[in-house]
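The values are calculated or read from the model by the stated rules, or taken from the named source; none is laboratory data. Small disclaimer: the values here were computed from a predicted structure and weren't measured. Because the Cβ atoms are built from the backbone with ideal geometry, glycine has one as well, and the counts that use them run over all protein chains shown. Heavy atoms of the whole protein, side chains included, go into the accessibility calculation; ligands, DNA and RNA do not. Shrake-Rupley method; radii C 1.70, N 1.55, O 1.52, S 1.80 Å.
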Amino acid sequence: MDLFLITMALLLSSLLLKKLYEQWRNQDCYILDYTCFKPSDDRKLDTDLCGEIVLGNKNLGINEYKFLLKIMIGSGIGEHSYGPRNIISARGAENELSPSLPDAIAEMDECFYPILDELFSKSGISPSHIDVLVVNVSMLSPSPSLSSRIINRYKMREDIKVYNLSGMGCSASLISIDIVRKIFKCHAMMLAVVVTSESIGPNWYPGNEKSMVIANCLFRSGGCSILLTNNPELKHRAKFRLKCMVRTHLGASDEAYGCAMQREDGAGLVGFHLSKGLPKAAAEAFFENLRMLAPRVLPIKELVRYLVSTLVQKNDSCGAGEPVQVNFKAGVDHFCLHPGGTAVINGVGRSLGLSQHDLEPARMTLHRFGNTSASSLWYVLGYMEAKRRLRKRDSVLMISFGSGFKCNSCLWEVVRNLEDRNVWEDCIDGYPPETLVNPYLEKYGWINDL
């Protein structure tokens, strides 16, 4: 009897250990592949077309024209980014004020289906094998949901786990990745797809309030689909392995909460308001995020150096001097920054002590594609891959910001050498260009003389 009990105890213990081992083994989160959306050329917003759209808005006056010209000159966006069809066809005409729901749905369909078709084709994974689907589009939430449209289109399984996110802003794709990561901790051998884009057309602001018309200058059409797994048998096919994720939310602060918000102006026109408090909220969220991130990505040597240098500076009787800066390059090889604008890229670069080489992927993405909201990070990552910067065992730090106000970051390990030219294929050899100066001042500088 005792031998039987001992045998059963050993058997149960071994089964428990096996289960714990399998749970640990399946908790990794890998990116198998990703695909960024490249709209057709008839949606390109060159200088002339942008001028037609702006001049067609009858609510704008000379002061607003001068303001917009200043924004566009310093935007860092070139002549090859893309806009929504309904805005291009309207050219600021009266029907721009009343975009239709079919226009909004068509804008999403035109993005979703090509990037998903390409993702499934490249990976060889059937839509019927997908266990988790997460879709994020901040400014459009129809019923049935956008995720339901994808399920219907690709006839996905009845037991698929589905999440449809809205209102998360430019940081939504990392939030979606985090949802997948947490599901992977509880379920083994899973495949997940994240789809991220933004609804630009229906949210184009036709008014004249400066804090709201800025969004028209910065946001552009784009999107991305990402295939993830925690199946260890597929890790040899993976591009990246997730090492850590840090999310920061300052929504408890009224100032941070209201600095980036969809609202009506005094005339009842809906748009996206960007307040003067946005840089402060972004800086605070960024600082809090880095405070939690640093111990998870930096080697002990750098942490000790920073602590000792800080203590020495505090005890220095000669004065405070320049603040001691953490050297994130000690634990990170590549920096994938949200290209929210020239000021965003410059600010993050200064805070992290980054070089022009480090900032190049974000700057070039802003120049070529503009700020495509939550999908922007993946165009930046695509630039690094197309330039053959990403080698096996390199680390890539992603940093994004979003309304609420949020700062989210994650660290990826490159699993193998990457050389896919992806969405950059037709233009990567021309980047970086000799100059990032756009022709808006040359074309419309006469406005400043009025």
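At a Förster radius of 41 Å, what calculated FRET efficiency corresponds to the Cβ-Cβ distance of Thr310 and His357, to the nearest 0.05?
For Thr310 and His357, the calculated efficiency is 0.90.
For every other residue with a beta carbon closer than 13 angstrom to the beta carbon of Gly251, add +1 if it is Lys or Arg and -1 if Asp or Glu, then tell me the sum.
With Lys, Arg at +1 and Asp, Glu at -1, the net is -2.
Using the heavy atoms of the protein chains and a 1.4 angstrom probe, tell me the accessible area per residue for the chain in square angstrom.
Value returned for the chain: 46 Å² of accessible area per residue.
How big is the antiparallel share of DSSP beta bridges in the chain, given as a percent to the nearest 5?
In the chain, approximately 70 percent of DSSP beta bridges are antiparallel ones.
In a Gaussian network model over the chain where Cα atoms closer than 10 Å are linked, find which of Tyr379, Tyr34, Tyr440 has the largest mean-square fluctuation.
Highest fluctuation among the options: Tyr440.
Strictly over 19 Å apart at the Cα level, which of Lys210/Lys276; Lys185/Lys301; Lys161/Lys243; Lys235/Lys387; Lys58/Lys276 would you flag in this model?
The answer is Lys185/Lys301; Lys161/Lys243; Lys235/Lys387; Lys58/Lys276.
With label points built 7 Å along Cα→Cβ from the Cα atoms of Leu450 and Glu233, find their separation and express it in nm.
6.6 nm
Could you give the length gained by full extension between Arg247 and His129, i.e. 0.36 nm per residue of separation minus their alpha carbon distance, to one decimal place?
Result: 39.5 nm gained on full extension.
Report, largest value first, the span of the C-alpha coordinates of region 384-450 along each principal axis, in whole Å.
56, 38, 17
Please give the net charge around Phe335, taking every other residue with its beta carbon less than 13 angstrom from that of Phe335, where Lys and Arg add +1 and Asp and Glu add -1.
Value of the local net charge: 0.
With a 1.4 Å probe and all protein chains left in place, how much of the accessible area of the chain comes from carbon and sulfur atoms, in whole percent?
Accessible surface attributable to carbon and sulfur in the chain totals 56 percent.
Beta carbons within 10 angstrom, averaged per residue: use that to sort the peptides 36-44, 356-364, 396-404, highest first.
396-404, 356-364, 36-44
How would you order 66-76, 407-417 from highest to lowest mean count of nearby Cβ atoms within 10 Å?
Top of the packing list down: 407-417, 66-76.
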